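Written out below as structure tokens is the structure these notes cover.
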Amino acid sequence: MVCGLLFTTCLIVANIVEQKLIAVGPIEATAGLLIFPVSYIVNDLIAEVWGYRKARLIIWYGFLMNFVAVAVFRLSILVPGSDNFHHQEAFGMVLGNTTRITAASFVAFLFGSFLNAYVMSRMKILQRGRGFSFRAVLSTVVGEGADSLVFFFIAFWGVLSLHDLSVLILTQIAMKTAYEIIALPLTNILVKWVKKKEQTDVYDTDISYNPLKIGDV
């Protein structure tokens, strides 16, 4: 439950702060970089401890809650403000992503999250439970790579040149993967602690990886 709440919070907060551009040394990135990679770390934790079925369930619930948040944001922008509210333009700018950006975010999230969980699940079986750090990093490269490719191509194709798009995508993947690597010592400790506390360590040997089989938990 705690992992699911954290996962969903990361998604909603990332979508709000994504619009701010920040400087990481000489590199320009979005403020979503501060929290969005945490959702992939939580995804790794869920897939590693409870398996792909639970990860699939959490991904779809996260998607649904994010959709609810976006719907409420849009509704709150459309409802007329009172005479005492003087920040409608700023309010709309912060919470009112364009339809294209919102669609890109939703589609990219599904692609990236499911690929991340799938790689974690399959690699755990192939590695017989060993080498968590390797599959955590590999799943992030695959998941974040797919997420960045899908998001930036849907959101900015025709707006930015192919060269600028490529640089932006590669930069995002590199920085998010670096985030995962830096957090690995803590992630390893957390995974071991959760496995011990929950007394569970699932291996997905007999499941369907169909993302739509939500009822199979």
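The values are calculated or read from the model by the stated rules, or taken from the named source; none is laboratory data. Nothing here was measured: the structure is a model prediction, and the numbers come from that model. Here the Cβ is made from the backbone with ideal geometry for all residues, glycine too, and neighbour counts use every protein chain on show. Protein only, heavy atoms only, side chains kept; ligands, DNA and RNA dropped before computing areas. Shrake-Rupley method; radii C 1.70, N 1.55, O 1.52, S 1.80 Å.
Tabulated data for the structure shown
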read-out	value
Residue check, G158 free of Cβ contacts under 8 Å to residues at least 60 places away in the same chain, out of contact with any Leu (no Cβ under 7 Å at 6 or more places or on another chain) and under 23 Å from F63 (Cβ atoms)	no
Residue in segment 32-50 that is touching a Pro at 6+ places or on another chain (Cβ under 9 Å), open to solvent by 10 Å² or more (accessible area, probe 1.4 Å), within 19 Å of P211 (Cβ to Cβ) and touching a residue at least 40 places away in the same chain (Cβ under 8 Å) present	no
Elements of type helices (runs of 4 or more DSSP H) in segment 98-217, at least 2 residues being among the acidic types (D, E) and on the phi < 0 side of the Ramachandran plot	132-156, 162-198
Hey, K192 of a type in the set (D, E, K, R) and free of Cβ contacts under 8 Å to residues at least 24 places away in the same chain or not	yes
Residue among V72, V49 that is closer than 21 Å to N188 by Cβ and modelled with pLDDT of 90 or more	V49
Residue count, segment 103-147 (criterion: more than 16 Å from A47 (Cβ to Cβ), in contact (Cβ under 8 Å) with a residue 40 or more places away in the chain and open to solvent by less than 20 Å² (accessible area, probe 1.4 Å))	2
Residue ID - nearest to L95 (Cα to Cα), chosen from residues in segment 1-27 that are free of Cβ contacts under 8 Å to residues at least 60 places away in the same chain and not in a helix (DSSP H, G or I)	K20
